[in-house]
Amino acid sequence: MAALVLRSWSRGVVRASHGGTTAYRTTEPLHRHTGFRQKSSVQFLSRPDLPKLAYQNIKGKSPGVIFLPGFASNMNGQKAVALEEFCKSLGHSYVRFDYTGCGASEGEAETCTIGKWKKDVLTVIDELTEGPQILVGSSMGGWLMLLVAIARPDRTAALVGVSTAADHFVSVFKSLPIEAKKEIEEKGVWKMPSKYNEEGFYSISYDFIKEAENHCVLHSPIPVTCPVRLIHGMKDDDVPWHVTIQVADRILSPDLDVTLRKHGQHRMSDKDDLKLLVYTVDDLIDKLTTN
(Lines give C-alpha, C1' and ligand atoms only; values in the text may rest on other atoms or scores of the structure.)
Protein backbone atom coordinates (compact mmCIF):
# COMPACT_ATOMS: atom_id res chain seq x y z
CA MET A 1 0.00 0.00 0.00
CA ALA A 2 1.29 3.43 -0.88
CA ALA A 3 2.16 5.78 1.92
CA LEU A 4 -0.39 8.49 2.70
CA VAL A 5 1.13 11.94 2.58
CA LEU A 6 -0.62 14.99 4.03
CA ARG A 7 0.29 18.35 2.61
CA SER A 8 -1.32 21.73 1.79
CA TRP A 9 -2.86 23.54 4.74
CA SER A 10 -4.95 26.71 4.45
CA ARG A 11 -8.42 28.07 5.21
CA GLY A 12 -9.18 25.02 7.34
CA VAL A 13 -8.82 22.47 4.56
CA VAL A 14 -6.11 19.89 4.00
CA ARG A 15 -5.99 17.89 0.81
CA ALA A 16 -4.07 14.64 0.64
CA SER A 17 -3.74 11.91 -1.91
CA HIS A 18 -2.81 8.27 -2.07
CA GLY A 19 -0.29 7.52 -4.76
CA GLY A 20 1.91 10.53 -5.29
CA THR A 21 -0.36 13.26 -6.63
CA THR A 22 -1.48 15.91 -4.17
CA ALA A 23 -4.30 18.32 -4.95
CA TYR A 24 -5.57 21.25 -2.90
CA ARG A 25 -8.71 23.32 -2.98
CA THR A 26 -10.09 25.88 -0.56
CA THR A 27 -13.78 25.94 0.27
CA GLU A 28 -14.30 29.18 -1.63
CA PRO A 29 -15.27 27.71 -5.04
CA LEU A 30 -18.06 25.70 -3.44
CA HIS A 31 -20.92 28.08 -4.12
CA ARG A 32 -22.41 26.49 -7.23
CA HIS A 33 -25.14 24.46 -5.58
CA THR A 34 -26.72 26.30 -2.66
CA GLY A 35 -30.42 26.40 -3.53
CA PHE A 36 -32.06 23.38 -1.90
CA ARG A 37 -35.69 22.99 -2.94
CA GLN A 38 -38.51 20.46 -2.50
CA LYS A 39 -38.02 16.92 -1.20
CA SER A 40 -39.07 13.61 -2.72
CA SER A 41 -41.87 11.55 -1.17
CA VAL A 42 -41.36 8.62 1.20
CA GLN A 43 -41.90 5.13 -0.21
CA PHE A 44 -41.47 1.67 1.30
CA LEU A 45 -39.48 -1.28 -0.02
CA SER A 46 -41.11 -4.59 0.86
CA ARG A 47 -38.89 -7.61 1.57
CA PRO A 48 -39.99 -11.21 2.23
CA ASP A 49 -39.97 -11.90 6.00
CA LEU A 50 -38.04 -8.66 6.69
CA PRO A 51 -39.11 -5.18 7.85
CA LYS A 52 -40.00 -2.66 5.15
CA LEU A 53 -37.37 -0.02 4.38
CA ALA A 54 -38.42 3.61 4.03
CA TYR A 55 -36.74 5.45 1.18
CA GLN A 56 -36.95 8.44 -1.11
CA ASN A 57 -35.54 8.44 -4.60
CA ILE A 58 -35.15 10.41 -7.78
CA LYS A 59 -34.87 8.76 -11.17
CA GLY A 60 -32.11 10.05 -13.38
CA LYS A 61 -28.81 9.54 -15.13
CA SER A 62 -25.85 7.40 -14.12
CA PRO A 63 -23.86 7.34 -12.02
CA GLY A 64 -26.47 7.43 -9.32
CA VAL A 65 -25.82 8.53 -5.74
CA ILE A 66 -26.86 6.68 -2.57
CA PHE A 67 -26.63 8.27 0.89
CA LEU A 68 -25.91 6.04 3.91
CA PRO A 69 -26.73 7.77 7.23
CA GLY A 70 -24.92 7.31 10.50
CA PHE A 71 -25.83 5.40 13.66
CA ALA A 72 -29.24 6.37 15.10
CA SER A 73 -29.64 8.85 12.26
CA ASN A 74 -32.05 8.93 9.33
CA MET A 75 -32.49 10.03 5.74
CA ASN A 76 -33.75 13.52 6.62
CA GLY A 77 -30.42 14.96 7.74
CA GLN A 78 -28.92 18.03 6.11
CA LYS A 79 -26.32 16.11 4.13
CA ALA A 80 -28.91 13.71 2.72
CA VAL A 81 -31.27 16.50 1.65
CA ALA A 82 -28.47 18.66 0.22
CA LEU A 83 -27.29 15.78 -1.95
CA GLU A 84 -30.80 15.06 -3.15
CA GLU A 85 -31.30 18.62 -4.35
CA PHE A 86 -27.88 18.61 -6.00
CA CYS A 87 -28.60 15.36 -7.86
CA LYS A 88 -32.00 16.70 -8.87
CA SER A 89 -30.36 19.81 -10.32
CA LEU A 90 -28.00 17.67 -12.44
CA GLY A 91 -30.55 15.05 -13.41
CA HIS A 92 -28.73 12.15 -11.74
CA SER A 93 -30.52 9.39 -9.85
CA TYR A 94 -30.43 9.52 -6.06
CA VAL A 95 -31.60 7.37 -3.14
CA ARG A 96 -31.70 8.11 0.57
CA PHE A 97 -33.19 5.64 3.02
CA ASP A 98 -33.54 4.58 6.65
CA TYR A 99 -31.94 1.42 8.03
CA THR A 100 -34.12 -1.20 9.70
CA GLY A 101 -35.33 0.11 13.05
CA CYS A 102 -34.38 3.71 12.23
CA GLY A 103 -36.39 6.69 11.05
CA ALA A 104 -39.52 5.66 9.12
CA SER A 105 -38.40 2.09 8.43
CA GLU A 106 -40.00 -0.86 10.18
CA GLY A 107 -38.22 -3.04 12.74
CA GLU A 108 -36.58 -2.66 16.12
CA ALA A 109 -33.16 -0.99 16.29
CA GLU A 110 -32.33 -3.01 19.42
CA THR A 111 -32.26 -6.23 17.40
CA CYS A 112 -30.18 -4.84 14.55
CA THR A 113 -26.52 -5.45 13.82
CA ILE A 114 -23.88 -4.12 11.46
CA GLY A 115 -24.48 -7.21 9.34
CA LYS A 116 -28.23 -6.56 9.10
CA TRP A 117 -27.71 -2.92 8.18
CA LYS A 118 -25.17 -3.97 5.55
CA LYS A 119 -27.87 -6.19 4.05
CA ASP A 120 -30.23 -3.18 4.05
CA VAL A 121 -27.78 -1.25 1.88
CA LEU A 122 -27.24 -4.20 -0.44
CA THR A 123 -31.02 -4.52 -0.85
CA VAL A 124 -31.30 -0.83 -1.70
CA ILE A 125 -28.58 -1.15 -4.35
CA ASP A 126 -29.99 -4.35 -5.82
CA GLU A 127 -33.69 -3.41 -5.78
CA LEU A 128 -33.83 0.37 -6.15
CA THR A 129 -30.94 1.27 -8.44
CA GLU A 130 -29.45 0.42 -11.80
CA GLY A 131 -25.92 0.82 -13.07
CA PRO A 132 -22.92 2.34 -11.25
CA GLN A 133 -23.46 4.14 -7.95
CA ILE A 134 -21.52 6.64 -5.88
CA LEU A 135 -21.92 5.65 -2.23
CA VAL A 136 -21.82 8.52 0.27
CA GLY A 137 -21.48 7.27 3.84
CA SER A 138 -21.69 9.40 6.98
CA SER A 139 -20.06 8.12 10.20
CA MET A 140 -21.24 4.50 10.59
CA GLY A 141 -22.56 4.84 7.05
CA GLY A 142 -18.94 5.25 5.98
CA TRP A 143 -18.14 1.88 7.53
CA LEU A 144 -21.11 0.25 5.80
CA MET A 145 -20.07 1.97 2.57
CA LEU A 146 -16.76 0.11 2.64
CA LEU A 147 -18.42 -3.24 3.37
CA VAL A 148 -20.87 -2.77 0.52
CA ALA A 149 -18.16 -1.67 -1.91
CA ILE A 150 -16.34 -4.93 -1.17
CA ALA A 151 -19.55 -6.93 -1.69
CA ARG A 152 -20.67 -5.10 -4.85
CA PRO A 153 -17.51 -3.91 -6.64
CA ASP A 154 -19.25 -4.04 -10.03
CA ARG A 155 -21.95 -1.60 -8.83
CA THR A 156 -19.70 0.76 -6.90
CA ALA A 157 -18.40 3.59 -9.06
CA ALA A 158 -16.90 5.69 -6.26
CA LEU A 159 -17.00 6.27 -2.50
CA VAL A 160 -17.33 9.43 -0.40
CA GLY A 161 -16.84 8.95 3.33
CA VAL A 162 -17.77 11.70 5.79
CA SER A 163 -16.38 11.25 9.32
CA THR A 164 -15.96 7.57 8.47
CA ALA A 165 -16.46 5.48 11.61
CA ALA A 166 -14.81 2.27 10.45
CA ASP A 167 -14.73 -0.39 13.21
CA HIS A 168 -15.86 2.36 15.60
CA PHE A 169 -17.95 0.44 18.16
CA VAL A 170 -15.42 -2.36 18.37
CA SER A 171 -12.44 -0.02 18.68
CA VAL A 172 -14.04 2.09 21.41
CA PHE A 173 -15.18 -0.99 23.32
CA LYS A 174 -11.71 -2.52 23.21
CA SER A 175 -10.21 0.72 24.53
CA LEU A 176 -12.29 0.51 27.73
CA PRO A 177 -10.68 -0.61 31.01
CA ILE A 178 -10.76 -4.36 31.60
CA GLU A 179 -13.19 -3.94 34.51
CA ALA A 180 -15.64 -1.95 32.36
CA LYS A 181 -15.54 -4.51 29.55
CA LYS A 182 -16.13 -7.33 32.01
CA GLU A 183 -19.14 -5.53 33.51
CA ILE A 184 -20.64 -4.92 30.05
CA GLU A 185 -20.17 -8.57 29.14
CA GLU A 186 -21.89 -9.67 32.35
CA LYS A 187 -24.82 -7.22 32.05
CA GLY A 188 -25.10 -7.63 28.29
CA VAL A 189 -25.49 -3.89 27.71
CA TRP A 190 -23.06 -1.04 27.08
CA LYS A 191 -24.21 2.50 27.80
CA MET A 192 -22.02 4.23 25.24
CA PRO A 193 -21.78 7.98 26.02
CA SER A 194 -23.20 10.29 23.35
CA LYS A 195 -24.08 13.97 23.21
CA TYR A 196 -26.65 13.23 20.49
CA ASN A 197 -29.01 11.34 22.79
CA GLU A 198 -31.20 13.04 25.41
CA GLU A 199 -30.18 10.44 27.98
CA GLY A 200 -26.51 11.12 27.31
CA PHE A 201 -25.83 7.59 26.08
CA TYR A 202 -26.91 4.88 23.66
CA SER A 203 -27.71 1.43 25.02
CA ILE A 204 -25.80 -1.05 22.86
CA SER A 205 -25.97 -4.76 23.46
CA TYR A 206 -22.84 -6.81 23.98
CA ASP A 207 -24.09 -9.08 21.20
CA PHE A 208 -24.05 -6.07 18.84
CA ILE A 209 -20.37 -5.51 19.61
CA LYS A 210 -19.46 -9.16 19.13
CA GLU A 211 -21.32 -9.31 15.81
CA ALA A 212 -19.64 -6.07 14.66
CA GLU A 213 -16.25 -7.74 15.10
CA ASN A 214 -17.10 -9.85 12.05
CA HIS A 215 -17.18 -6.72 9.91
CA CYS A 216 -14.02 -4.89 10.97
CA VAL A 217 -11.95 -3.59 8.05
CA LEU A 218 -8.91 -1.89 9.58
CA HIS A 219 -6.96 -5.04 10.38
CA SER A 220 -6.05 -5.79 6.75
CA PRO A 221 -5.97 -4.22 3.26
CA ILE A 222 -9.40 -3.04 2.09
CA PRO A 223 -9.98 -4.42 -1.43
CA VAL A 224 -11.60 -1.32 -2.90
CA THR A 225 -10.15 -0.04 -6.17
CA CYS A 226 -12.65 2.63 -7.28
CA PRO A 227 -12.09 6.38 -6.67
CA VAL A 228 -12.41 7.24 -2.97
CA ARG A 229 -12.83 10.63 -1.28
CA LEU A 230 -12.68 10.87 2.51
CA ILE A 231 -13.69 14.00 4.45
CA HIS A 232 -13.19 14.46 8.18
CA GLY A 233 -13.29 17.28 10.73
CA MET A 234 -10.28 17.74 12.97
CA LYS A 235 -12.55 18.86 15.82
CA ASP A 236 -14.48 15.58 15.70
CA ASP A 237 -14.89 14.46 19.32
CA ASP A 238 -16.77 11.29 18.40
CA VAL A 239 -14.63 9.63 15.73
CA PRO A 240 -11.02 10.91 15.63
CA TRP A 241 -9.86 12.06 12.19
CA HIS A 242 -6.97 9.62 12.52
CA VAL A 243 -9.48 6.86 11.75
CA THR A 244 -9.93 8.31 8.27
CA ILE A 245 -6.15 8.26 7.81
CA GLN A 246 -6.17 4.59 8.81
CA VAL A 247 -8.93 3.88 6.31
CA ALA A 248 -7.02 5.68 3.58
CA ASP A 249 -3.89 3.69 4.34
CA ARG A 250 -5.79 0.38 4.14
CA ILE A 251 -7.73 1.04 0.93
CA LEU A 252 -5.97 -0.33 -2.15
CA SER A 253 -7.28 2.24 -4.62
CA PRO A 254 -4.56 4.57 -5.98
CA ASP A 255 -7.22 7.22 -6.65
CA LEU A 256 -7.85 8.36 -3.10
CA ASP A 257 -8.02 11.86 -1.62
CA VAL A 258 -8.40 12.88 2.01
CA THR A 259 -9.80 16.27 3.01
CA LEU A 260 -9.43 17.42 6.62
CA ARG A 261 -11.48 20.37 7.81
CA LYS A 262 -9.49 22.12 10.52
CA HIS A 263 -12.57 23.28 12.46
CA GLY A 264 -14.96 20.59 11.25
CA GLN A 265 -16.93 18.58 13.81
CA HIS A 266 -18.42 15.10 13.58
CA ARG A 267 -21.67 15.84 11.78
CA MET A 268 -20.01 18.01 9.11
CA SER A 269 -23.30 19.81 8.45
CA ASP A 270 -22.23 23.45 8.51
CA LYS A 271 -22.86 25.48 5.37
CA ASP A 272 -19.27 25.18 4.13
CA ASP A 273 -19.19 21.46 5.03
CA LEU A 274 -22.24 20.85 2.84
CA LYS A 275 -20.73 22.83 -0.01
CA LEU A 276 -17.58 20.75 0.24
CA LEU A 277 -19.59 17.52 0.19
CA VAL A 278 -21.59 18.60 -2.85
CA TYR A 279 -18.44 19.78 -4.61
CA THR A 280 -16.77 16.44 -3.93
CA VAL A 281 -19.66 14.44 -5.39
CA ASP A 282 -19.88 16.86 -8.33
CA ASP A 283 -16.18 16.37 -9.03
CA LEU A 284 -16.56 12.58 -8.97
CA ILE A 285 -19.55 12.65 -11.31
CA ASP A 286 -17.55 14.80 -13.72
CA LYS A 287 -14.61 12.40 -13.48
CA LEU A 288 -16.76 9.32 -14.04
CA THR A 289 -18.70 10.77 -16.98
CA THR A 290 -15.80 12.32 -18.88
CA ASN A 291 -13.18 9.58 -18.64
For region 174-181, take each phi angle, set θ = phi - 60°, evaluate the Karplus expression 6.51 cos²θ - 1.76 cosθ + 1.60, and give the result in whole Hz per residue in order, putting x for glycine and proline.
5, 7, 5, x, 3, 4, 5, 5
Helix-derived mean residue ellipticity, 222 nm - over the chain, DSSP H n ≥ 4, -39500 (n - 2.57), to 500:
-10000 deg cm²/dmol
With Rh as the Kirkwood radius over Cα pairs, the chain has Rg/Rh of 0.95
Of the candidates VAL258, ALA149, SER73, the farthest towards the positive dipole end of the chain (Lys/Arg Cβ +1, Asp/Glu Cβ -1, centred on the Cα centre) is VAL258
For LYS61, solvent-accessible area (1.4 Å; no DNA, RNA or ligand), Å²
110 Å²
Once you place label points 7 Å from the Cα toward the Cβ at LEU90 and ARG47, how far apart are they in nm?
2.8 nm
Charge-dipole axis of region 194-258 as Lys and Arg at +1 and Asp and Glu at -1 on Cβ define it, positive-most pick from HIS215, CYS226, SER205
CYS226
Over region 116-181, what relative contact order in percent results from Cα pairs under 8 Å that are six or more residues apart?
33 percent
Within the chain, what whole-number % of the accessible surface is contributed by carbon and sulfur, with the 1.4 Å probe and all protein chains included in the calculation?
49 percent
Pop a pseudo-label 7 angstrom from the Cα along the beta-carbon direction at both ARG152 and THR290 and give the gap in nm to one decimal.
2.8 nm
Distance violations [Cα-Cα > 32 Å] among LYS118/LYS235; LYS195/LYS262; LYS79/LYS118; LYS174/LYS275; LYS187/LYS271; LYS61/LYS271
LYS174/LYS275; LYS187/LYS271
Cα-projected label distance for GLU179 with HIS242, points at 7 Å along beta-carbon direction, nm:
2.5 nm
Note on region 210-258: alpha-carbon gyration tensor, axes a ≥ b ≥ c; rule is a/c under 1.5 for rounded, else prolate if a/b larger than b/c, else oblate; result oblate
Spelling out what I want: for every residue of region 251-263, take phi, set θ = phi - 60°, compute 6.51 cos²θ - 1.76 cosθ + 1.60 (Karplus), and round to whole Hz; glycine and proline get x.
5, 7, 4, x, 9, 9, 10, 10, 10, 10, 8, 4, 10
Can you tell me the dipole magnitude for the chain around its Cα centre, using point charges on the Cβ only (Lys, Arg +1; Asp, Glu -1), in Debye to the nearest 20?
880 debye
What are the radius of gyration and Dmax of region 170-291, computed over its Cα atoms and given in Å?
17.7, 56
Taking only protein heavy atoms into account and a 1.4 Å probe, give the accessible area per residue of the chain in Å².
46 Å²
What is the magnitude of the charge dipole of region 49-192 about its Cα centre, with +1 placed on the Cβ of each Lys and Arg, -1 on the Cβ of each Asp and Glu, and no other charges, expressed in debye to the nearest 20?
340 debye
Two-decimal Rg/Rh of region 251-291 from alpha-carbon positions, Kirkwood Rh?
1.04
Which FRET efficiency value, to the nearest 0.05, do you get for GLU108 and GLN265 by plugging their Cβ-Cβ distance into 1/(1 + (r/R0)^6) with R0 = 25 Å?
0.25
What is the list of residues in region 99-129 whose amide nitrogen lies under 20 Å from a point 7 angstrom out from the Cα of ASN197, following Cα to Cβ?
99-118
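The values are calculated or read from the model by the stated rules, or taken from the named source; none is laboratory data. Small disclaimer: the values here were computed from a predicted structure and weren't measured. Glycine also receives a Cβ, built like all others from the backbone with ideal geometry; neighbour counts cover every protein chain displayed. Note: areas computed on protein heavy atoms with side chains; ligands, DNA, RNA excluded. Shrake-Rupley method; radii C 1.70, N 1.55, O 1.52, S 1.80 Å.
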